[in-house]
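Step one of this worksheet: look at the structure below.
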Amino acid sequence: MEGFAPSPTLAGIGSLPEAAGPVLHITGKHPLQGHIPIGGAKNSALALMAGSLLAPAACRIQNVPRLLDIERMGQILTTLGVKVSHVGHTLDLDASSLKTCQAPYELVSQLRASFFITGPLLARLGVARVPLPGGCAIGSRPVDLHVRGLQALGATVQIEHGVVHAYARRLVGTRIYLDYPSVGATETLMMAATLADGETVIENAAQEPEVADLAHFCQAMGARIRGVGTNTLVVVGVPRLHGTEYTVIPDRIEASTYLIAGAITRSNLTVGPVIPDHLRAVIAKLQAMGLRVEEEGPNRLRIAPAQLESGWLCQATDIQTLPYPGFPTDVQAPIMALAALSEGSCTIEETVFENRMHHIPELNRMGADIRLKNRVALIRGVPSFSAAPVVATDLRAGAALVLAGLAAEGSSTIHGLHYIDRGYEAIDEKLRNVGAKVHRGESTARIPVTA
């Protein structure tokens, strides 16, 4: 497919959770065997797409996954005047004819990452008009850190009628301290600073691999950035950036999800390509649960079943989500499905987003024993799940339910597949290729989300 014309697959996305629409049918208790290929990091690719606005030239980005969120971002860039072509996993972007500073509400409201375009638009054109973004309903995720940082760089920023209006005759380098190491704010401000006058220092910057990937992409376009991968970024502005060709890093969240798929089905699986250093926190917790995770070469991981004398799937262990290099919030829901089948009791505390536990009632529908107290899930392990119709309410919640379906006795139906398609390319095909009994379908039934 070439270009980003509006797709009927986007219709209805963002509505209240319900069961009508595409579904996954999963028959559980089938062992998996083989290798699952890992695609490019969605969260990195989206930031790189925004970063392409900085250069009045063509950029080619390789290893870009075919996902609904990527399609949405492509549509947003197209409305700004960017030439966009996505063939296979190669994305060509040409922002030399950037023609407008205003992004359309109907697209931005569906994608949180769309707000990343604010920094590049302001740096290139001196003005940006971007509606407040949407995406999965997992918390408030305010943009105040973005706004204060842009103001520190010399921009005038106002929010009126749900639209952020930013103006700057010229951005000027400064020192910015982030109250929280926000990935989005770090990326927005780093991009804006690449074309600012003078030096910008971003302290308490996010250290996620996706931030480093964006920094390396900007460097490939001619940006001057030091401290990549640390909590202090130093950006020296340059007058102009140029086009480049770049390859997106592997998706550590997709890799983590499929490692857990191996664990929850008592299977031997390999996943790759991966960058093992990006998964250290996840690997450490899987090993603490008694699972064997080994590196097979420089970019492949193997997971093997736990060998507990009790016969349980794994051992309970406490988890707390934290900014990188801590345990990633995006893996909280998937690993909760595994923890619910562990021997003993444990807690999973969500410290990043305040509203990211909607999967708990749905896991309980399948037989889990999980109670929620504030942001802490209190989990008492059960020996097995039973199949049920369940509803995904966001991307990672959907992944957790797929994992639960793989482990459950009987046939489950996962509703809300469009959420899962936002972050997992061909999830049904990849799982079928290693032995899972899973296929797509359509449903007109309405299953209420458990309160």
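Looking at the chain, the DSSP beta bridges with both ends there are about 70 percent antiparallel.
Neighbours of GLU245 by Cβ distance under 15 Å: Lys/Arg scored +1, Asp/Glu scored -1, total -2.
The alpha carbon gyration tensor of the range 353-426 gives principal lengths a ≥ b ≥ c with a/c of 1.5 or higher and a/b no greater than b/c, which makes the shape oblate. Placing a pseudo-label 7 Å from each Cα along the Cα-to-Cβ vector at LEU378 and GLU199 gives an inter-label distance of 5.3 nm. Sorted from largest to smallest, which semi-axis lengths in Å does the alpha carbon gyration tensor of the chain give for its equivalent ellipsoid, taking the root of 5 times each eigenvalue? They are 38, 22, 20 Å, listed largest first. Along the chain, counting only GluC sites (Glu not before Pro) with a DSSP assignment other than H, G, I, E or B and at most 14 other Cβ atoms inside a 10 Å radius, the longest segment between sites is 3-295.
Direction-averaged projected area, Cα convex hull, the range 42-247: 9.5 nm², rounded to one decimal. Distance between the C-alpha centres of the range 349-421 and the range 300-328: 17 Å, rounded to the whole angstrom. Per residue, the average separation of C-alpha pairs within less than 8 Å and at least 6 apart gives the range 237-378 a relative contact order of 19 percent.
Taking 14 Å as the cut-off, the amide N atoms of the range 34-77 that come nearer than this to a point 7 Å along the Cα-to-beta-carbon line of SER96 belong to 55-60. The value of relative contact order for the range 90-131, using C-alpha pairs under 8 Å at least six residues apart, is 48 percent.
Mean residue ellipticity, 222 nm, helices only, the chain: the sum of -39500 (n - 2.57) across DSSP H runs of n ≥ 4, divided by residue count and rounded to 500, is -8000 deg cm²/dmol.
Straight-line reach from LYS373: taking Cα to Cα under 14 Å and skipping same-chain neighbours fewer than 8 places apart, the aspartates and glutamates in range are GLU349, GLU350, GLU354. Normalised by the number of residues in the chain, the average gap of Cα pairs under 8 Å and 6 or more apart makes the relative contact order 21 percent. Can you classify the range 41-161 as rounded, prolate or oblate using the Cα gyration tensor, where a ≥ b ≥ c are the square roots of its eigenvalues, rounded means a/c under 1.5, and otherwise it's prolate if a/b beats b/c and oblate if not? Oblate. So what's the angle, to the nearest 10 degrees on a 0 to 90 scale, between helix 209-220 and the longest Cα principal axis of the chain? Compared with the principal axis, the helix lies near 30 degrees.
Quick note: the coordinates plus some simple rules give every number you see, no bench work behind them. Computed from a prediction, not measured in an experiment: that's the story for all the values here. Because the Cβ atoms are built from the backbone with ideal geometry, glycine has one as well, and the counts that use them run over all protein chains shown.
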